[in-house]
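Student: Input: one structure, supplied below.
The values are calculated or read from the model by the stated rules, or taken from the named source; none is laboratory data. Predicted, not measured: the structure shown is a model, and the values here were computed from it. All Cβ positions, even for glycine, are placed from backbone atoms using ideal geometry, and neighbour counts span all protein chains on display. The protein model used for the area step is the full one, side chains on, heavy atoms only, and it has no ligands, DNA or RNA in it. Shrake-Rupley method; radii C 1.70, N 1.55, O 1.52, S 1.80 Å.
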Amino acid sequence: MGRVAVVTGGTRGIGEAISMGMQEAGYQVAAVYAGNDVKAKEFSDKTGIGTYKFDVSDFNQCEAGIGQIENDLGPVEILVNNAGITRDATLHKMTPEQWAEVIQTDLTSCFNMCRVVIEGMRSRTFGRIINISSMNGELGGFGQANYSAAKAGMIGFSKAVAREDASKGITVNVITPGFVGTEMVLTIPEKVMNSIVAGIPVKRLGEPSEIARGVVFLASDDAGYITGSTLDINGGMYMI
Ligand code: CAA
């Protein structure tokens, strides 16, 4: 049996492609989702991948959810924190609720899930944590002070945990996707979208599978010497 991999937000968008890519690479995948039962059922029927419904922004639900996954499949060895939302508004219009919801769902979730699995990974001296941040956490997205702060926070968080757990066989890395053709990106107003695509050096949106291939690589044994790194997959839109 393959290693157990948990993918949050794993039934839609980039997460769906990650779940499928990991399954193809031989992992036993658990796809976590929060709300969309119809899409989760479609995903599960299509792929045969088990889905688990819980809210990653709630620590107690993460503990219970991971407990269930470990009962069903075995110890979690790979964790992909992909779940995320946007509540875009320029700062002068942003509400405290829009701020808090994005920080809680995109960043605190990362703490919650990592905190629940880290002790097991440390005791088994193996683990792969891959956090899906965003290019907008590096460059700052217009209308996204909340999202950019959360996604930048994931990068600092990942480096700290990478440092703490490197000697325990655990790697912690970040992928920063640029604009990928998912439901989230397709909600951007058309006139804004046109100017965004014009500014991408490769002149197109990314494919979810192009992010998934990065995850599969970072999860593999071949990537054991890579930790605390940030892999930009953004069509050249932001180069550090
Ligand atoms: N860069 C420069 N100017 C921008 C801009 C951008 N990215 N986005 C909007 N503007 C400009 C608009 O063109 C407009 O200018 P004019 O008045 O001169 O026409 C002005 O800002 C106000 O825009 P709106 O009329 O749309 O104002 P609004 O308050 O209704 O909405 C907004 C503002 C919420 C920022 C909206 O424009 C929007 O949703 N923009 C897209 C935000 C975005 O890029 N989100 C990324 C989602 S994808 C993602 O997050 C995935 C990832 O990780 C990369």
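Student: Going by average Cβ neighbours within 10 Å, how do the peptides 64-70, 40-46, 149-155 rank, with the highest at the top?
Tutor: 149-155, 64-70, 40-46
Student: Using alpha carbon centroids, what distance separates region 152-178 and region 201-240, in Å?
Tutor: So the two Cα centres are separated by 14 Å.
Student: For region 152-240, treating each Cα as an identical point scatterer without solvent, what Debye log10 I(q)/I(0) comes out at q = 0.10, 0.22 1/Å?
Tutor: -0.32, -1.07
Student: Which order, highest average first, do 189-202, 95-108 follow once you tally other Cβ atoms within 10 Å for each residue and take the mean per peptide?
Tutor: 95-108, 189-202
Student: Moving to a separate point now. Carbon and sulfur atoms: what percent of the 1.4 Å accessible area of region 170-240 do they account for?
Tutor: 60 percent
Student: Against the longest alpha carbon principal axis of the chain, how many degrees, from 0 to 90 and to the nearest 10, is the axis of helix 109-124 turned?
Tutor: Taking the Cα atoms of the chain, the angle to 109-124 is about 30 degrees.
Student: Relative to the present Cα-Cα distance, how much length would full extension add between Asn71 and Leu139 at 0.36 nm per residue of separation?
Tutor: Result for the pair: 20.4 nm of gain on full extension.
Student: Report the net charge of residues surrounding Ala152, where surrounding means a beta-carbon distance below 15 angstrom and charges are Lys +1, Arg +1, Asp -1, Glu -1.
Tutor: Net local charge, Ala152 excluded: -1.
Student: On to the next question. Asn112: net charge of surrounding residues, Cβ under 9 Å, Lys/Arg +1, Asp/Glu -1, itself excluded?
Tutor: -1
Student: Cα-based count: Lys pairs in region 4-233 below 21 Å, eight or more positions apart or different chains?
Tutor: 7
Student: Sticking with this structure for a sec: Compute the Rg/Rh shape ratio of the chain: radius of gyration over Kirkwood radius, all on alpha-carbon atoms.
Tutor: 0.95
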